[in-house]
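Taking it in order: structure first as structure tokens, then the write-up.
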Amino acid sequence: MDFVRSMPAVRPACNFGPREQMNQITAFIDASNVYGSSVNESNELRAFTGGLLKESSNPKHLLPPKPSECKDSSGQKYCFKAGDSRVNEQPQLAVMHTVWMRQHNRLARELSTINPGWTDEILFQEARRIVAAQMQHITYNEYLPIILGGTFMEAFGLVPRKAGYAPGYSENIDPSINNVFATAAFRYGHTLISGLMQ
């Protein structure tokens, strides 16, 4: 897998100093990889009917196409549009984006059946809220305990509560990811990508 140096970005205080990376999606576990990090990105992905996200027109319920992303001029490669611009970097990533888009649409349809009076906006936002909660649940209950282990999860207050909420949130804490984490620890995830897809 090729690694390239991150693009430089303006530092938080607009001063000189070490190079900082430019994040493409939010630092929160908010499903921005599915919905984008801005209202404009989100609107480009929405069908604006029934709270649904856009799908390709074929019957396989794939992500919507984005031919401008394809580097292959032969027209043999199918490229997708998702909330994260890296969706076309490798097939497993495209599959994950497709799964979450389908989950959103499944939830929106289910919510519409249960609440027939809800508008497109309410259906979309409620399905989005559930998808983000599912991502957080998977991250904190399934993924991180395997990667970090119970001792570290407890030491850093990462163990989810059985009920209620964690009181540790502070709007004064910068949630962005620093270069040390992004260029070292976060690369761990790349080692989990299989070189062979069957």
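The values are calculated or read from the model by the stated rules, or taken from the named source; none is laboratory data. Small disclaimer: the values here were computed from a predicted structure and weren't measured. Every residue, glycine among them, receives a Cβ derived from its backbone with ideal geometry; neighbour counts consider all protein chains shown.
Numbers for the structure displayed
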{"read-out": "Residue tally, condition of a type in the set (Gly, Ala, Ser), touching a helix residue (DSSP H, G or I) at 6+ places or on another chain (Cβ under 8 Å) and more than 19 Å from Leu63 (Cα to Cα), over the stretch 90-143", "value": "1"}
{"read-out": "Meets criteria (outside any helix (DSSP H, G or I) and touching a His at 6+ places or on another chain (Cβ under 9 Å)) for Gly157", "value": "no"}
{"read-out": "Only listed residue being over 20 Å from Ile138 (Cβ atoms) and either modelled with pLDDT under 90 or more than 17 Å from the chain's Cα centre (by Cα) (or both), chosen from Glu44, Glu89", "value": "Glu89"}
{"read-out": "Checking Ser68 against (1) assigned to a loop (DSSP other than H, G, I, E, B); (2) at pLDDT below 85; (3) of a type outside the set (Val, Ile, Thr), the condition it does not meet", "value": "(1)"}
{"read-out": "Among (1) among the hydrophobic types (A, V, I, L, M, F, W, C); (2) over 18 Å from the mean Cα position of the chain (by Cα); (3) surrounded by 11 or more Cβ atoms within 10 Å (Cβ to Cβ); (4) part of a helix (DSSP H, G or I), the one test that Phe186 misses", "value": "(2)"}
{"read-out": "Residues (without any contact (Cβ under 8 Å) to a residue 60 or more places away in the chain and either acidic (Asp, Glu) or loosely packed, with under 10 Cβ neighbours inside 10 Å (or both)) located in the stretch 189-198", "value": "Thr191, Leu192, Gly195, Leu196, Gln198"}
{"read-out": "Matching residues in the stretch 33-43 - criterion: being surrounded by 15 or more Cβ atoms within 10 Å (Cβ to Cβ) and over 26 Å from Ile114 (Cα atoms)", "value": "Asn33, Gly36, Ser37, Glu41"}
{"read-out": "Sole residue being under 19 Å from Gly36 (Cα atoms) and either assigned to a helix (DSSP H, G or I) or out of contact with any Gly (no Cβ under 7 Å at 6 or more places or on another chain) (or both), chosen from Glu126, Glu110", "value": "Glu126"}
{"read-out": "Test for Glu142: is it within 27 Å of Pro64 (Cα to Cα) and acidic (Asp, Glu)", "value": "no"}
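Yes or no, residue by residue, for (1) free of Cβ contacts under 8 Å to residues at least 60 places away in the same chain; (2) exposed (fewer than 14 other Cβ atoms within 10 Å of the Cβ):
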| position | (1), (2) |
| --- | --- |
| Val99 | yes, yes |
| Arg102 | yes, no |
| Phe124 | no, no |
| Tyr165 | yes, yes |
| Asn172 | yes, yes |
